[in-house]
Amino acid sequence: MISIVALDALEPRDLWAIRTRLTKPGSEFNAEVAAVLEGEASSGTPIAVAHLNGGLVGWACSHLWLDQQTLEQYVDEQWRRRGIAMALSSAAVAQGIVDRDKPVAVFSPATQAIARKLWHADVVLYERRGNEWEPV
């Protein structure tokens, strides 16, 4: 089941799942989730989440980054290749979390492929090279 909530509204177990297994350690979103989980900050970031078999299996959200929107998502490895990432991204677009008529920055080839299927505007893949993010 997919739902849309603010990051602050997630259950602690879902925040913990994102922090420990559903984000890359050291990512900006991982730090945002950690701050919410530890009560150090609040976040109204809207997030699409997928729960299956009683647990969180994936999420998608967007942030403003370098004056452009992002599409960020992660699906548990056990649940990949089942259309969950596409469903989460579609929900994010349908709910206005991401504007498909504006360019979007993505950070993985898998997210780039999904965004290209959904978007009418530019999709730019960024990779980290040293301490800098550069378009590929």
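The values are calculated or read from the model by the stated rules, or taken from the named source; none is laboratory data. If you're wondering where the values come from, they're calculated on a predicted model, not measured in any experiment. Virtual Cβ from ideal backbone geometry, glycine too; neighbours counted across all protein chains shown.
Among the residues of this structure, Pro12 counts as one that is on the phi < 0 side of the Ramachandran plot and exposed (fewer than 14 other Cβ atoms within 10 Å of the Cβ). Here Val33 clears all of (1) over 20 Å from Val93 (Cβ atoms); (2) in contact with a strand residue (DSSP E or B) (Cβ under 6 Å, 6 or more places away or on another chain) except the condition numbered (2). Can you say whether Gly55 is small (Gly, Ala, Ser), out of contact with any strand residue (DSSP E or B) (no Cβ under 9 Å at 6 or more places or on another chain), touching a residue at least 24 places away in the same chain (Cβ under 8 Å) and exposed (fewer than 14 other Cβ atoms within 10 Å of the Cβ), as far as the supplied structure shows? Spelling it out, Gly55 is indeed small (Gly, Ala, Ser), out of contact with any strand residue (DSSP E or B) (no Cβ under 9 Å at 6 or more places or on another chain), touching a residue at least 24 places away in the same chain (Cβ under 8 Å) and exposed (fewer than 14 other Cβ atoms within 10 Å of the Cβ).
Taking Trp79, is it at negative phi, at pLDDT 95 or above and of a type outside the set (Asp, Glu)? The answer is yes for Trp79.
Here is a yes/no grid of residues against (1) closer than 18 Å to Gly58 by Cα; (2) at pLDDT 95 or above; (3) among the β-branched types (Val, Ile, Thr); (4) touching a Gly at 6+ places or on another chain (Cβ under 7 Å):
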{"residue": "Ala85", "(1), (2), (3), (4)": "yes, yes, no, yes"}
{"residue": "Val93", "(1), (2), (3), (4)": "yes, no, yes, no"}
{"residue": "Gly96", "(1), (2), (3), (4)": "no, no, no, no"}
{"residue": "Asp99", "(1), (2), (3), (4)": "no, no, no, no"}
{"residue": "Pro103", "(1), (2), (3), (4)": "no, no, no, no"}
{"residue": "Lys117", "(1), (2), (3), (4)": "no, no, no, no"}
{"residue": "Asp122", "(1), (2), (3), (4)": "no, no, no, no"}
{"residue": "Val136", "(1), (2), (3), (4)": "no, no, yes, no"}
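Exactly one residue among Leu71, Leu118, Leu88, Leu64 is farther than 24 Å from Leu15 by Cβ and within 16 Å of the chain's Cα centre (by Cα), and that residue is Leu118. List the pairs whose first member sits in the range 33-47 and is within 18 Å of Ile4 (Cβ to Cβ), whose second member is crowded, with 18+ Cβ neighbours inside 10 Å and among the β-branched types (Val, Ile, Thr), and whose Cβ atoms are under 7 Å apart, counting only residues at least 6 apart or on separate chains? Cβ pairs passing all conditions: Val33/Ile18; Val33/Thr23; Ser42/Val36; Ser43/Val36; Pro46/Ile4; Pro46/Ile97. Within the range 15-45, can you find the residues that are loosely packed, with under 14 Cβ neighbours inside 10 Å and closer than 12 Å to Cys61 by Cα? Listed by number, the list holds a single entry, Gly44. Scanning the range 113-122 for residues that are surrounded by 10 or more Cβ atoms within 10 Å (Cβ to Cβ), without any contact (Cβ under 8 Å) to a residue 24 or more places away in the chain and of a type outside the set (D, E, K, R) turns up Ala113, Trp119, Ala121. Here the condition is being among the basic types (Lys, Arg) and more than 18 Å from Ile2 (Cα to Cα); of Arg82, Arg128, it holds for Arg128 alone. Considering the range 1-96, the qualifying strands (runs of 3 or more DSSP E), each wholly inside and each with 2 or more residues that are touching a Pro at 6+ places or on another chain (Cβ under 9 Å), run over 2-6, 68-70.
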